[in-house]
Structures are given as structure tokens and as C-alpha cells.
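Report on one structure; see the data block that follows.
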Amino acid sequence: MKSMNDSAADRSHTAAPALIGALLHLAAIDAGLGSATSSALSPEDSEILTEVEVALRNQTLSGRGVDDALAEVAGSIASVRSSASPVPLTAAKYERQRTAVLGQLGVVSSKGASVWPPTSQTAVQRFGSWNEALKAAGLARSSVGRAKGQLRFDEAAYDQAIATFVADCDDRDLGATYKAYGEYAAEHKGEVPSAAAVRKFYGSWNAALASAG
């Protein structure tokens, strides 16, 4: 089984614990859990917080400082861990909360640079799928997507696919074009709707992009 610290073959420069920290933090924000006391974090969660600190100190912040940000993340982790039931988080909601957090921190995504919180696509690349990323973080597994044998994606799956694609383009400083999505869908065949299906579902490519706004 892959260690949390094993990043030799990973496509992302962000350490796995820092990725998990992002998932937990944004899940807590999205669920409106608030900040719980972080005085008794487990050794594993303390490791997560340490890697989040490393990631934060490796980027320039013009907004909230590292110490304040870390305190918030610690509170988020504690609140998720103390939740009575597993906390859910879709990739689309992750991206919306990520945009807000980056704004608070004063971080701007730039090509070739690792940014914390990373994109949802980074988590997918690291863990193999969005559900596996949720599992690694101890969050509720998502039912969004296409079930085995199901021929159609539901509305949430379309929104999630577009949000993840747009965030990936932003992170790599690429244009979120219809052609680029076609290539993206081909790379993730069976996991996301095709370009033609997306355009048909939303009525136009611009309308699809607006859904991720």
C-alpha cells in the first residue's frame, strides 16, 4: 500500500498529507462545520497539518498569514473528525471553496507552481479517482457519477466534470476550450461525459462554462 509520504512517482509536487489537509479543510467549510478545538489531533492529522504548513510556506501569501491559515485548517480537521457522520464533498464544491480560500490567502495560480489548496484534478491524479481521494481523507464517498452499467451521467456529474476541467485548465494556464475538453474527456473516457454530450446537455459550450462560474 502506498505511503502518505511516497511522492516519487506522483504527478503533483504537493505531498499527499497536504492534499488530504485541503480536502478536510474545504469539506469543513462547505459543510459549515465551523472550527473545533484542535488540541488533540491524532499523530496522522498532526502530520497532515505539518505538510500543509510546508505547502503554505512554499508559496507567497498576500492575504491571510500562514499561522492564521494553519489555525483554521487545524480547526477544520478537528471539526470533520468530530462530526457525527462522514462529511461529503463533491469536486465541484471543492473547486468553489478552493477559489474562495485562494482569494483569502492572496494566492494566484501560476503555470508550473504548486499551489495550496491544489485542484481537485491533482487529488484525482494522486489517488486514482475522486472517491479514492475522499476515502483517503476519511470523507463520505461520493455517489455522483455514473454507476456501473448506467448509460447516462446525472446533472451533478456534468457540473463536477466541468468544474474539475476548468480548474485544471486554470492551474495549467490553459484555455478552457471545447477542443481542450474533448481531449480531456478522451483521457478520462468513461469517467466524464463526452464533449458532445456536454454541449448537448447545457445547450452550448459557453453555457457549460458558466455552470462552473
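Going by the conditions given, is A185 in contact with a Ser or Thr (Cβ under 8 Å, 6 or more places away or on another chain) and in a helix (DSSP H, G or I)?
Against the criterion (in contact with a Ser or Thr (Cβ under 8 Å, 6 or more places away or on another chain) and in a helix (DSSP H, G or I)), A185 qualifies.
Considering each of S62, S46 in turn, give the residue that is more than 15 Å from L26 (Cα to Cα) and without any contact (Cβ under 8 Å) to a residue 40 or more places away in the chain.
S46 is the lone residue from the list that is more than 15 Å from L26 (Cα to Cα) and without any contact (Cβ under 8 Å) to a residue 40 or more places away in the chain.
Name the single residue that is modelled with the lowest pLDDT among those in segment 132-150 being small (G, A, S) and assigned to a helix (DSSP H, G or I).
The selected residue is A133.
Taking only pairs six or more apart or across chains, which ones have beta-carbon atoms under 8 Å, a first residue in segment 179-205 that is assigned by TED's automatic domain parsing to the domain that holds N131, and a second residue that is surrounded by fewer than 15 Cβ atoms within 10 Å (Cβ to Cβ)?
none
Residues are listed down the side, and each one gets a yes or a no for (1) in the same structural domain as A18 (by TED's automatic domain parsing); (2) within 18 Å of the chain's Cα centre (by Cα); (3) surrounded by 14 or more Cβ atoms within 10 Å (Cβ to Cβ); (4) at positive phi:
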residue: L49; (1), (2), (3), (4): yes, yes, yes, no
residue: E53; (1), (2), (3), (4): yes, yes, yes, no
residue: N58; (1), (2), (3), (4): yes, no, yes, no
residue: S62; (1), (2), (3), (4): yes, no, no, no
residue: G65; (1), (2), (3), (4): yes, no, no, no
residue: S76; (1), (2), (3), (4): yes, yes, yes, no
residue: S79; (1), (2), (3), (4): yes, no, yes, no
residue: S85; (1), (2), (3), (4): yes, no, no, no
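I'm trying to understand the selection: among the residues of segment 175-187, which are at pLDDT below 90 and surrounded by 15 or more Cβ atoms within 10 Å (Cβ to Cβ)?
Y184, A185, listed by residue number.
The values are calculated or read from the model by the stated rules, or taken from the named source; none is laboratory data. Source: prediction; values computed, not measured. Glycine also receives a Cβ, built like all others from the backbone with ideal geometry; neighbour counts cover every protein chain displayed.
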